[in-house]
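Just so it is clear, none of the values below were taken in a lab; they were calculated from the coordinates. No experiment lies behind these values; they were computed from the predicted model shown. When we count neighbours, we look across all protein chains shown, and the Cβ atoms used for this are built from the backbone with ideal geometry, even at glycine.
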Amino acid sequence: MTGADDDYVYDEATGEWRPASEMQATATREVRDASGNVLNDGDSVTLIKDLKVKGANQTLKQGTVIRSIRLTDDPDEIDCRHDTIKGLVLRTEFVRKR
């Protein structure tokens, strides 16, 4: 006997079959900035403190605007681009939604 609890969905991010109820819970997780505002793909954010970028020997200054963010699987991190740094990942605790 199969029920709704037995449904599985293929998770492309992990390459595993996971329970549908677990995937639904993951999909509804909200990503929030340092002020508690909900972040979405494509939002612009502002840095709330100076950040030294590892491996780039560069510091991003407080007030720097980062446009077109992308959410990651980790609700504490966002993927973004900066003019001089590609593949930049920022912690949500250091940004504020614009």
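Considering only lysines 8 or more places apart in sequence, or on different chains, count the pairs in the chain whose C-alpha atoms sit under 18 Å apart.
Lysine pairs, 8 or more places apart or on different chains, close enough: 7.
Can you tell which of Gly55, Pro75, Val38 lies farthest toward the positive end of the dipole of the chain, using +1 and -1 charges on the Cβ of basic and acidic side chains (Lys, Arg; Asp, Glu)?
Sorting the options by dipole projection puts first Gly55.
Quick one: putting +1 on the C-beta of Lys and Arg, -1 on the C-beta of Asp and Glu, what dipole do you get for the range 33-97 around its Cα centre, in Debye to the nearest 20?
360 debye
Would any residue of the range 68-95 have its amide N under 13 Å from a label point 7 Å out along Cα→Cβ of Asp11? List them or say none.
Only 73-75 fall inside the zone, counting backbone N under 13 Å.
Scan (i) 15.2; (ii) 15.6; (iii) 16.2 for the value of Kirkwood radius over Cα pairs in Å calculated from this model and give just the label.
The value matching this structure is (i).
Tell me, what is the FRET efficiency for Ile48 and Thr84 to the nearest 0.05, using R0 = 25 angstrom and their Cβ-Cβ distance as r?
My answer for the efficiency is 0.80.
In nm, to one decimal, how far is the Arg32 label point from the Asp73 one, both placed 7 Å along Cα→Cβ?
Taking the two extended label points, one gets 2.4 nm.
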